[in-house]
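Student: First, the structure itself, so that you have it in front of you.
None of the figures in this text is laboratory data; all of them are computed from the coordinates on show. Quick caveat, the model's predicted, so the values are computed rather than measured. Cβ coordinates were reconstructed from backbone atoms using ideal geometry, including for glycine residues, and neighbour counts include every protein chain displayed.
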């Protein structure tokens, strides 16, 4: 073999396409599940079904928002949304319990009144 030195080509040969540039990125570290905020999704579903559903729907939307923020790695927003979901769940449960107590009270009052009227006749 001869040790001839070839000069580099000034123009690429016809049909040659250059390779795209290579970029190196730092791999993203997974967030440990212990540090993720609670999304209160099950509690939100419970408050929609068993308590005051209009506020329960807002709690459900905040729960889904919390989950989406956790998936995106936005922990500060996820924690704030988690607190809001918990607050709306507690409001929904509180209103639901209050309504049930009032309905129970008026049911007992109606039964007692009906019995008193039937005894008086």
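Student: Rounded to the nearest 0.05, what FRET efficiency do residue 76 and residue 105 give with R0 = 41 Å and r taken as the Cβ-Cβ distance? Could you check?
Tutor: Working: r = 44 Å, r/R0 = 1.08.
Step by step, r from the Cβ atoms, then E = 0.40.
Student: Would you mind ranking 72, 39 by Cβ crowding within 10 Å, fewest neighbours first? Walk me through the numbers before you get to the answer.
Tutor: Details: 72 10, 39 22.
In order of increasing Cβ crowding within 10 Å: 72, 39.
Student: May I ask you to sort 10, 77 by Cβ crowding, counting other Cβ atoms within 10 Å and putting the fewest first? Write out the running numbers ahead of the final one.
Tutor: On the way: 10 5, 77 16.
Taking fewest neighbouring Cβ atoms as first place, the list is 10, 77.
Student: Another question about this same structure. Can you check how the C-alpha radius of gyration of the stretch 36-120 compares to 2.2 N^0.38 Å, as a plain ratio? Don't skip to the end; give the middle numbers.
Tutor: Details: Rg = 19.1 Å, N = 85, 2.2 N^0.38 = 11.9 Å.
Normalised Cα radius of gyration, the stretch 36-120: 1.60.
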